[in-house]
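Once you've had a glance at the structure underneath, I'll fire off some questions.
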Amino acid sequence: MKYSTANFKVGMSLHNSHFAYLQSQPHTDVAWLEATTEEYLSSQGHALEVLKELRRDYPVALHGTHLNIGNPEGPDLGYLHSVRNLIENVEPFLVSDHLGWSGSHTHNMHSLLPLPYNEETLKVISDNIDVVQNHLKHPIALENIATYVNFADSDLGEVEFISELVRHTGCGLILDLSALFVNSVNHGFCPRTYLKHLPMSHVKQVHLSGPTETESHWLDKKATAITTPVWGLFQMLAPQIRHLPIAVERIKNVPDFNELEMEVIKASFILESSNDNQRSTAFV
């Protein structure tokens, strides 16, 4: 079944703790579901059967964490084969992962790690995107990640690097507003300036979640409700992204479905309340 992304509006991340509730076919304000790719790769798993069942009622996006697009050894072809099978099973409207790396083929760090923003990294990721899309037979979108260090051999800022990557590859982007806020505080840049220079025409989806403040810096744990600064960025950006699917994300401390649904409703209200008159002042 095919869908137009103009009709998606606001969805949420899918969790197995919500399976039973969703299988009861409740009336919800959630327009679509985002499934974590790695949780559904087993063709014999119960989770995949539930996802295929829910797919009859909700459009589904696949969002992974193990693509390791920054690996200079290239993508894991066995992993790509499994993802391609999953794509054929659930027909997602979007397939995405993260703009980072997680180790080598022999040693997985089980974490999304930052990359130096330079020409060498740009070539590695550009080559890897070609391999990934050729194997998956599906476009891939990459999400900005929260980072806590800067590399001495970075020649570009984050948004400049992403812009160059888009220019080289034409890849899609996932805009994570929580990660953007975290990086703006940790690295001392203006998030509005970042958004002004981001190639918005390539953004395929926007993510909303809650960052966590510590004594020394902010973390993007996606373990809390969406915070005021993230809502502020979303409200400012809303006139430009009304046509895009928006996802409310929670990875840790996942509450019951109805609590997360309240954030979906709030995001929907912000989108519906935005208007073209705001567009001219969005980045002032």
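Where residues in region 220-267 are basic (Lys, Arg) and crowded, with 19+ Cβ neighbours inside 10 Å, which of them is farthest from Ala61 (Cα to Cα)? Steps first, please.
So in region 220-267, the residues basic (Lys, Arg) come out as 221-222, 242, 250, 252, 266.
Retained after the next criterion (residues that are crowded, with 19+ Cβ neighbours inside 10 Å): 222, 250.
Details: Lys222: 18, Arg250: 15 Å.
So the residue we want is Lys222.
Further question: So is Ala146 among the small types (Gly, Ala, Ser), within 21 Å of His63 (Cβ to Cβ) and in a loop (DSSP other than H, G, I, E, B) or not? I'd like the intermediate steps shown before the answer.
Numbers: among the small types (Gly, Ala, Ser): yes; within 21 Å of His63 (Cβ to Cβ): yes; in a loop (DSSP other than H, G, I, E, B): yes.
Taking the combined requirement at face value, the residue satisfies it.
Give region 65-93 a look and list any residue that's of a type outside the set (A, V, I, L, M, F, W, C), at negative phi and in contact with a strand residue (DSSP E or B) (Cβ under 6 Å, 6 or more places away or on another chain), or say none.
From region 65-93, those of a type outside the set (A, V, I, L, M, F, W, C) are 65-66, 68, 70-76, 78-79, 81-82, 84-85, 88-89, 91-92; that's our starting set.
Narrowing the set further to residues that are at negative phi leaves 65-66, 70-73, 75-76, 78-79, 81-82, 84-85, 88-89, 92.
Gly70, Asn71, Pro92, listed by residue number.
Residues are listed down the side, and each one gets a yes or a no for (1) open to solvent by 50 Å² or more (accessible area, probe 1.4 Å); (2) within 29 Å of Lys9 (Cα to Cα); (3) not in a loop (DSSP other than H, G, I, E, B); (4) not aliphatic (A, V, I, L, M):
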| residue | (1), (2), (3), (4) |
| --- | --- |
| Glu39 | yes, yes, yes, yes |
| Leu67 | no, yes, no, no |
| Gly74 | no, no, no, yes |
| Val83 | no, yes, yes, no |
| Leu86 | no, yes, yes, no |
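Moving to a separate point now. At negative phi, open to solvent by less than 10 Å² (accessible area, probe 1.4 Å) and not in a helix (DSSP H, G or I), is that true of Leu62?
Values: at negative phi: yes; open to solvent by less than 10 Å² (accessible area, probe 1.4 Å): yes; not in a helix (DSSP H, G or I): yes.
For Leu62, the condition - at negative phi, open to solvent by less than 10 Å² (accessible area, probe 1.4 Å) and not in a helix (DSSP H, G or I) - is met.
Sticking with this structure for a sec: Residue by residue through region 199-210, note down the ones that are touching a residue at least 12 places away in the same chain (Cβ under 8 Å) and over 17 Å from Gln235 (Cβ atoms).
Filtering region 199-210 for residues touching a residue at least 12 places away in the same chain (Cβ under 8 Å) gives 199-200, 202-210.
Listed by number, the residues that qualify are Pro199, His202, Lys204, Gln205.
Would you check if there is a residue in region 42-50 being in a helix (DSSP H, G or I), modelled with pLDDT under 95 and open to solvent by 60 Å² or more (accessible area, probe 1.4 Å)? Break it down into steps so the answer makes sense when it comes.
Restricting attention to region 42-50, the residues satisfying the condition of being in a helix (DSSP H, G or I) are 46-50.
Add one more test, that the residue is modelled with pLDDT under 95, and what stays is 46.
Checking the rest, the ones that are also open to solvent by 60 Å² or more (accessible area, probe 1.4 Å) come to 46.
Taking every residue of region 42-50 in turn, at least one turns out to be in a helix (DSSP H, G or I), modelled with pLDDT under 95 and open to solvent by 60 Å² or more (accessible area, probe 1.4 Å).
Kindly list the number of the only condition in (1) at pLDDT 95 or above; (2) at positive phi that fails for Phe161.
Among (1) at pLDDT 95 or above; (2) at positive phi, the lone unmet condition for Phe161 is (2).
For region 27-53, name all the residues that are within 19 Å of Glu259 (Cβ to Cβ) and in contact (Cβ under 8 Å) with a residue 40 or more places away in the chain.
Thr28, Asp29, Val30, Ala31, Trp32, Glu34
Looking only at residues that are open to solvent by 10 Å² or more (accessible area, probe 1.4 Å) and of a type in the set (Gly, Ala, Ser) in region 140-171, which one is nearest to Ala223 (Cα to Cα)?
That would be Ala146.
Conditions tested, residue by residue: (1) open to solvent by 30 Å² or more (accessible area, probe 1.4 Å); (2) more than 30 Å from Gly188 (Cα to Cα); (3) among the hydroxyl-bearing types (Ser, Thr, Tyr).
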position: Gly70; (1), (2), (3): no, no, no
position: Ser96; (1), (2), (3): no, no, yes
position: Leu99; (1), (2), (3): no, no, no
position: Leu112; (1), (2), (3): yes, no, no
position: Asp127; (1), (2), (3): yes, yes, no
position: Val131; (1), (2), (3): yes, yes, no
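The values are calculated or read from the model by the stated rules, or taken from the named source; none is laboratory data. Computed from a predicted model, the values in this text were never measured in an experiment. Positions of Cβ are generated from backbone atoms using ideal geometry, with glycine treated the same way; all protein chains shown enter the neighbour counts. To get the accessible areas, we keep the full protein, side chains included, count just its heavy atoms, and leave off ligands, DNA and RNA. Shrake-Rupley method; radii C 1.70, N 1.55, O 1.52, S 1.80 Å.
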